[in-house]
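Have a look at the structure below, then the notes.
Bear in mind that the values in this text are calculations on the coordinates, not laboratory data. Computed from a predicted structure; not experimentally measured. No Cβ is skipped: glycine too gets one built from the backbone with ideal geometry, and neighbour counts run over all protein chains shown.
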Amino acid sequence: MSKVAALSKPTILLHWTVAILFIGVFAMGIYVADFAEPPAKFTYMGWHKSMGLVVLVFAIARLIWRIKEGALPATSAMPKWQTAVAHLTHGLLLLATLAMPLSGFIMSYAGGRAISFFEFELLSAPEKTPWLADAGSFVHHSSVLIIVVILALHIAAALKHQFVDKDGMLSRMLGKS
């Protein structure tokens, strides 16, 4: 990936679209798992799965665009460890936006459930593959805390750039460079 001086409109749009969708679907999943009661729970879970597919499509588009366009260069002289943490955090967030919907898809489909998009059946229910469903479930459910920590680190770093470093990084991510 090459370095770019400014972010393009598609990069900004894809970043914020994936961020908002991912956080929304993530919050919906936590709500459904911990608080929703049947029969509403099943409706919400269907929405969660459908929106997860939307996240996956946009996350794939974002990854392709990121590879094509390159990464945003640092605007301040950051220590090497901060640069390394920033690269790791961005990579893990990109991975998370792919891994969460993919693992959810695998968990459901290998669990013998049809794949629907807002009640429109895309794939019929297959035979169950318990080991694969378990693997998908493990990734999907055990990643939650890790993603919360990484996302908090990402947001904290953006706020540090804006209010401590005052280097305009957040402004560039909002399309105001």
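Size descriptors for segment 9-173: radius of gyration and Dmax over Cα atoms are 17.8, 55 Å. Adding -39500 (n - 2.57) for every DSSP H run of four residues or longer, then dividing by how many residues the chain holds, sets the calculated 222 nm ellipticity at -24000 deg cm²/dmol. Placing pseudo-labels 7 Å out from each Cα toward the beta carbon at LEU122 and PHE35 gives an inter-label distance of 2.7 nm. In this simple spin-label model, placing a label point 7 Å from the Cα along the Cα-to-Cβ direction at both TRP16 and ALA61 gives a separation of 1.5 nm. Applying a threshold of 26 Å to the alpha-carbon distances of LYS68/LYS160; LYS9/LYS166; LYS9/LYS80; LYS41/LYS128 flags LYS68/LYS160; LYS9/LYS80 as lying beyond it. Seen against the Cα atoms of the chain and their longest principal axis, helix 80-110 is set at about 10 degrees.
Computed extension length for ARG113-MET78: 7.8 nm, one decimal, from 0.36 nm per residue of separation with the Cα-Cα distance subtracted. Axis of helix 9-34 versus longest Cα principal axis of the chain: the two differ by about 40°, to the nearest ten degrees.
Normalised by the number of residues in segment 1-121, the mean separation of alpha-carbon contacts (under 8 Å, six or more apart) gives a relative contact order of 40 percent.
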